[in-house]
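Structure first, commentary second.
Nothing in this text is a laboratory measurement; each read-out follows from the coordinates by a stated rule. Model, not experiment: these values are computed from the prediction. Counting neighbours? That spans all protein chains shown, and the Cβs are built from the backbone with ideal geometry, glycine included.
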Amino acid sequence: MFAGSFGLSLAAIVVVASTRPVGGLRAWLSRCLQWRIGWGWWAFALLVPLAVMLLAAGLHIALGGGIATAPAAGHLVMTVVNLPLVLLLGGPLGEEFGWRG
């Protein structure tokens, strides 16, 4: 799974390095790290999913359902350490650089 999630980014690095050996990777990486959207879109992307999840949980409780205790409850340090690992290694970051630039 790990190799597959980073395969697209690794392929992009190989292609850029082989087609533009002098300064190609630096130029490609600088294009990949340009953010072309405003803060309003960032807020929208972060807050709308949170609002939808809260609305769904509220509706579930209103209709008589219950919310189970999270497995990480009481393990704040574990959660803080695992979240970046999951986002960096298990999330879309592995393929993102293959699509950008």
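Pick out which of Gly23, Gly66, Gly90 has the largest mean-square fluctuation in a Gaussian network model of the chain, springs linking Cα atoms closer than 10 Å.
Between Gly23, Gly66, Gly90, it is Gly66 that shows the largest mean-square fluctuation.
Mind checking the full-extension length gain between Arg26 and Leu47? Use 0.36 nm per residue of separation minus the Cα-Cα distance, one decimal, nm. If you can, show how the numbers build up before the last one.
Numbers: separation 21, 0.36 × 21 = 7.56 nm, distance 3.32 nm.
Working it through step by step, the gained length comes to 4.2 nm.
Please list the helices of the chain that count as membrane-span-like by this rule: a mean Kyte-Doolittle hydropathy of at least 0.5 together with Cα atoms stretching 18 Å or more along the helix axis, each helix being a complete DSSP H run.
Within the chain the helices that satisfy the rule are 2-19, 39-62.
Roughly how many Å is it from the Cα centre of region 8-36 to that of region 62-101, as a whole number?
28 Å
What residue among Pro84, Pro21, Pro71 shows peak mean-square fluctuation when the chain is described by a Gaussian network model with Cα springs under 10 Å?
So, out of Pro84, Pro21, Pro71, the one fluctuating most is Pro71.
For the chain, what is the calculated [θ] at 222 nm in deg cm²/dmol (nearest 500), taking -39500 (n - 2.57) for each run of four or more DSSP H residues and dividing by its residue count? Let's see the in-between values first.
Values: 5 runs with 68 residues, N = 101.
Result for the chain: -21500 deg cm²/dmol, rounded to the nearest 500.
What is the spin-label model distance, in nm, from Ala57 to Ala17 if the labels are put 7 Å beyond Cα along the C-beta direction?
Placing both labels 7 Å beyond Cα along the Cβ direction yields 4.3 nm.
Could you list Arg36, Arg26 so that the one with the fewest beta carbons within 10 Å of its beta carbon is first and the one with the most is last? Provide the component values of the computation, followed by the final result.
Details: Arg36 5, Arg26 11.
Ordered from fewest to most neighbouring Cβ atoms within 10 Å, Arg36, Arg26 come out as Arg36, Arg26.
As an exercise, take the mean of 1/r over every pair of distinct alpha carbons in region 1-95, invert it, and state the Kirkwood radius in angstroms.
Details: mean 1/r = 0.0574 Å⁻¹.
Kirkwood hydrodynamic radius for region 1-95: 17.4 Å.
Between Gly91, Gly65, Gly24, which gets the highest mean-square fluctuation from a Gaussian network model of the chain, Cα cutoff 10 Å?
For the chain, modelled as a Gaussian network with Cα springs under 10 Å, the answer is Gly65.
Give me the net charge for the shell around Ile13: Cβ to Cβ below 13 angstrom, other residues only, Lys and Arg +1, Asp and Glu -1. Walk me through the numbers before you get to the answer.
Details: positive: Arg20, Arg26, Arg100; negative: Glu95, Glu96.
After counting each charged neighbour, the total is +1.
Over the chain, what is the relative contact order in whole percent, taking alpha-carbon pairs under 8 Å and six or more residues apart?
Values: 48 pairs, mean separation 63.4, N = 101.
Rounded, it is 63 percent for the chain.
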